[in-house]
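One structure below.
The values are calculated or read from the model by the stated rules, or taken from the named source; none is laboratory data. Remember, predicted model here, so these are calculated numbers, not experimental data. Cβ placement follows ideal geometry from the backbone for every residue including glycine, while neighbour counts extend to all protein chains displayed.
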């Protein structure tokens, strides 16, 4: 069980790997790149819940062109530290047929979840599907994952991360920085 003391101790001993300044600079750069690519496409931007909630909220306020925002909830983690089978909890509400779609997730780890979501969007008839992540872990992807995200905010070494949307057993998504668990 995660007690308040355990969670506070985790944060006290964690290493801050991305400051608020790092995150804001990354969001500004993402917004600039996305604007160049998507400003004339009237895109649907899909946030992958729950991790995308915080970074996507910050990103959307930096995008000054017509878009529709929606979300989906597909997970392999369900509060665990390792992923399992993909579970769809909520599918997008907007029609993706013949649309430009940007799938935004908090992190690219092994890539299986994002790959499945991109495939879903393509099967739903999206004209083109782009992917963006706040954090890209520098690591080998899972077998069968043959792509890298189209847009990346931050690249971070392969450690267990939490904060700014990323969670530790469901906690600490609300932190304004990104931390790595002490090994």
Subset of segment 7-34 (residues that are in a helix (DSSP H, G or I) and more than 18 Å from the chain's Cα centre (by Cα))
7, 8, 9, 10, 11, 12, 13, 21
Checklist (1) touching a residue at least 60 places away in the same chain (Cβ under 8 Å); (2) surrounded by fewer than 16 Cβ atoms within 10 Å (Cβ to Cβ); (3) more than 18 Å from residue 50 (Cβ to Cβ) applied to residue 151, failing item:
(2)
Looking at the structure I just gave you, is residue 83 modelled with pLDDT under 95 and surrounded by 14 or more Cβ atoms within 10 Å (Cβ to Cβ)?
yes
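Regarding residue 72, is this residue surrounded by 18 or more Cβ atoms within 10 Å (Cβ to Cβ), under 24 Å from residue 26 (Cβ atoms) and modelled with pLDDT of 95 or more?
The answer is yes for residue 72.
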Count of segment 47-59 residues which are more than 11 Å from the chain's Cα centre (by Cα) and surrounded by 16 or more Cβ atoms within 10 Å (Cβ to Cβ):
2
